[in-house]
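Chemist: Here it is: the structure, laid out below.
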Amino acid sequence: MKETHILAIESSCDETAAAVVTDGRRIRSNIISSQVPLHTLYGGVVPELASRAHIERIDAVVQEALKDAGMTLPEVDAIAVTYGPGLVGALLVGVAYAKALAFGLKKPLIGVNHIEGHVSANFLEHPELEPPFLSLIVSGGHTNLAFMKDYGVFEILGRTRDDAAGEAFDKVARAIGLGYPGGPKIEKAAREGDPEAIHFPRGKVDEAPYDFTFSGMKSAVLNYLNHAEMTGETVSQADVAASFQAAVVDVLVSRAMHAAAELHQDKLVLAGGVAANGALRTALADACARAGITLYAPSLILCTDNAAMIGAAAYFRYRRGERAGWDLNAVPYLEL
Ligand code: KG4
Ligand code: ZN
């Protein structure tokens, strides 16, 4: 059968990315231009700067993705792009670029949900993985327990009521003076700390066993820091980082395992930027091994934002004949 090559573009937040993916499963190229150095100065992502940086970089990133794949634009079968959720100005750069490219080349255009992309990163490294399966999606903007019934078809079982897991990492990192990007910095600091030094609350939502809440945990960290400042106690950044990370991991693992048991699942698929966290990966792997569940997680580079995952998700939509119109627009709060 003829292979399908999709050129995918991702610009929803602070990475400008392009990739060529074959048949939704094989990465031909995966180029990521990170804006981390640009935003570090401000302690977080500055949306206007992100949009401008996408505009400056997108053309070169796409050219590099094609070159790396050893392909030319006419050889590509379709153009895919993230159209939400994300920062509106950032998304618009990718959407406008992809539309122009597809229109000019007379190629099909496919709009992809960024969160579906995160889950689909797993298809690139686990050839045997097929829906249906339970997934734990933990990113900077989302924390979901979702059941992927079919390619691109989700049923949300649980969601966060306040902060996303990654957002909590970022806010706590800022509070303890680690700065942006918070997740990797907390993970690094935590390696030197004691995860049992401080007990932070593991918030639960009554009557919603699969929902998450991280705001109480975050407030407890802030209270701990304020109290220490008032009483003149020295704060161990490493202990706070390790104890906070342990609390987040505990909540994520226990909710996911509860859902897997209740729904009689023998597969669990991890996805999103926080999936890069080593403590989470280890704890989830241990819990899954004990429960006889096969855990699927992307390698680190495919956990955080990239375009290969968008190309993977796009393929299964392309195969079903789904095409976006020329009116495709950025949808900052797009639902799964
Ligand atoms: O999925 P992602 O790259 O972007 C969104 O779609 O939001 O996730 C970014 C989030 C950030 O909040 C970042 O702090 C977190 O993922 N993150 C981590 C780690 N690497 C990235 N959190 C914990 N540990 C990490 N190693
Ligand atoms: Zn993401």
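Chemist: Can you spot a residue in segment 208-219 that is surrounded by 21 or more Cβ atoms within 10 Å (Cβ to Cβ), within 27 Å of His114 (Cβ to Cβ) and within 16 Å of ligand 2 (Cβ to nearest atom)?
Modeler: No, segment 208-219 contains no residue that is surrounded by 21 or more Cβ atoms within 10 Å (Cβ to Cβ), within 27 Å of His114 (Cβ to Cβ) and within 16 Å of ligand 2 (Cβ to nearest atom).
Chemist: Tally the residues that are assigned to a strand (DSSP E or B) and without any contact (Cβ under 8 Å) to a residue 60 or more places away in the chain, restricting the search to segment 282-336.
Modeler: 2
Chemist: Can you say whether Lys188 is surrounded by fewer than 22 Cβ atoms within 10 Å (Cβ to Cβ) and within 16 Å of ligand 1 (Cβ to nearest atom), as far as the supplied structure shows? Before you say what the answer is, go through the steps one by one.
Modeler: Values: surrounded by fewer than 22 Cβ atoms within 10 Å (Cβ to Cβ): yes; within 16 Å of ligand 1 (Cβ to nearest atom): yes.
Taking the combined requirement at face value, the residue satisfies it.
Chemist: What about Arg323, is it closer than 24 Å to Leu87 by Cα and away from ligand 2 (no atom under 16 Å from the Cβ)? Steps first, please.
Modeler: Details: closer than 24 Å to Leu87 by Cα: yes; away from ligand 2 (no atom under 16 Å from the Cβ): yes.
So Arg323 fits the description; yes.
Chemist: Out of the residues in segment 257-277 that are of a type in the set (A, V, I, L, M) and over 17 Å from the mean Cα position of the chain (by Cα), state the one that is nearest to Gly193 (Cα to Cα).
Modeler: Restricting attention to segment 257-277, the residues satisfying the condition of being of a type in the set (A, V, I, L, M) are 257, 259-261, 263, 268-271, 274-276.
Remaining after also requiring over 17 Å from the mean Cα position of the chain (by Cα): 257, 259-261, 263.
Working: Met257: 26, Ala259: 30, Ala260: 31, Ala261: 32, Leu263: 36 Å.
My answer is Met257.
Chemist: Just the residues that are hydrophobic (A, V, I, L, M, F, W, C) and surrounded by fewer than 20 Cβ atoms within 10 Å (Cβ to Cβ), please, taken from segment 258-269.
Modeler: Residues of segment 258-269 that are hydrophobic (A, V, I, L, M, F, W, C), as a first pass: 259-261, 263, 268-269.
Hits for segment 258-269 are Ala261, Leu263.
Chemist: Are any of the residues in segment 220-233 out of contact with any helix residue (DSSP H, G or I) (no Cβ under 7 Å at 6 or more places or on another chain), within 28 Å of Cys13 (Cα to Cα) and more than 16 Å from ligand 1 (Cβ to nearest atom)?
Modeler: no
Chemist: Taking only segment 275-315 into account, find how many residues are under 24 Å from Ala50 (Cα atoms), out of contact with any Asp or Glu (no Cβ under 9 Å at 6 or more places or on another chain) and open to solvent by 10 Å² or more (accessible area, probe 1.4 Å).
Modeler: Residues flagged as under 24 Å from Ala50 (Cα atoms), out of contact with any Asp or Glu (no Cβ under 9 Å at 6 or more places or on another chain) and open to solvent by 10 Å² or more (accessible area, probe 1.4 Å) within segment 275-315 amount to 2.
Chemist: Here's a follow-up. Looking only at segment 1-14, filter to residues that are assigned to a loop (DSSP other than H, G, I, E, B) and in contact with a Ser or Thr (Cβ under 9 Å, 6 or more places away or on another chain); which one of those is surrounded by the fewest Cβ atoms within 10 Å (Cβ to Cβ)? Give the derivation first.
Modeler: Let us first name the residues in segment 1-14 that are assigned to a loop (DSSP other than H, G, I, E, B), namely 1-4, 11-14.
This time we only want the ones that are in contact with a Ser or Thr (Cβ under 9 Å, 6 or more places away or on another chain), so: 3-4, 11-12, 14.
Values: Glu3: 9, Thr4: 16, Ser11: 35, Ser12: 31, Asp14: 27.
Checked segment 1-14; the qualifying residue surrounded by the fewest Cβ atoms within 10 Å (Cβ to Cβ) is Glu3.
Chemist: Considering only segment 229-244, state which residues are among the polar types (S, T, N, Q) and without any contact (Cβ under 8 Å) to a residue 60 or more places away in the chain. Don't jump to the end; show me each part of the working.
Modeler: Filtering segment 229-244 down to residues among the polar types (S, T, N, Q) leaves 231, 234, 236-237, 243.
Across segment 229-244, the qualifying residues are Thr231, Thr234, Ser236, Ser243.
Chemist: When segment 75-115 is examined, which residues are found to be open to solvent by 10 Å² or more (accessible area, probe 1.4 Å), within 15 Å of His54 (Cα to Cα) and within 12 Å of ligand 2 (Cβ to nearest atom)?
Modeler: Gly86, Leu87
Chemist: Which of the residues that make up segment 116-144 are part of a strand (DSSP E or B) and either away from ligand 1 (no atom under 16 Å from the Cβ) or surrounded by fewer than 24 Cβ atoms within 10 Å (Cβ to Cβ) (or both)? Even if it seems obvious, please write down each step before you answer.
Modeler: Let us first name the residues in segment 116-144 that are part of a strand (DSSP E or B), namely 133-138, 143-144.
Correct list: Phe133, Leu134.
Chemist: Here is a follow-up. Of all residues in segment 147-167, count the ones that are under 14 Å from the mean Cα position of the chain (by Cα) and either over 25 Å from Gln35 (Cβ atoms) or aliphatic (A, V, I, L, M) (or both). Can you show your working first?
Modeler: Step one: filter segment 147-167 for residues under 14 Å from the mean Cα position of the chain (by Cα), giving 164-167.
Applying the additional criterion that residues be either over 25 Å from Gln35 (Cβ atoms) or aliphatic (A, V, I, L, M) (or both) yields 164-165.
Qualifying residue count for the region: 2.
Chemist: Then there is this: State all residues of segment 98-112 that are farther than 12 Å from Ile9 by Cα and not in a helix (DSSP H, G or I); if no residue qualifies, say none.
Modeler: Lys106, Lys107, Pro108
Chemist: Mind counting the residues in segment 145-171 that are within 16 Å of ligand 2 (Cβ to nearest atom) and part of a strand (DSSP E or B)?
Modeler: Going through segment 145-171, the residues within 16 Å of ligand 2 (Cβ to nearest atom) turn out to be 146, 154, 159-160, 163-170.
Now narrow it down to the ones that are part of a strand (DSSP E or B): 146, 154, 159-160.
Residues meeting the conditions: 4.
Chemist: Can you tell me how many residues in segment 15-37 are open to solvent by 10 Å² or more (accessible area, probe 1.4 Å), of a type outside the set (Lys, Arg) and at pLDDT 95 or above? Walk me through it before giving the result.
Modeler: Filtering segment 15-37 down to residues open to solvent by 10 Å² or more (accessible area, probe 1.4 Å) leaves 15, 23, 25-28, 30-34, 36-37.
Those left that are additionally of a type outside the set (Lys, Arg): 15, 23, 27, 30-34, 36-37.
When the remaining residues are screened for being at pLDDT 95 or above, the result is 15, 23, 27, 30-34.
Number satisfying all stated conditions: 8.
The values are calculated or read from the model by the stated rules, or taken from the named source; none is laboratory data. It should be emphasised that the depicted structure is a prediction, and the values quoted were computed from it without experimental measurement. Positions of Cβ are generated from backbone atoms using ideal geometry, with glycine treated the same way; all protein chains shown enter the neighbour counts. For the accessible areas, the whole protein counts, side chains as well, though only heavy atoms, and no ligand, DNA or RNA atoms are used. Shrake-Rupley method; radii C 1.70, N 1.55, O 1.52, S 1.80 Å.
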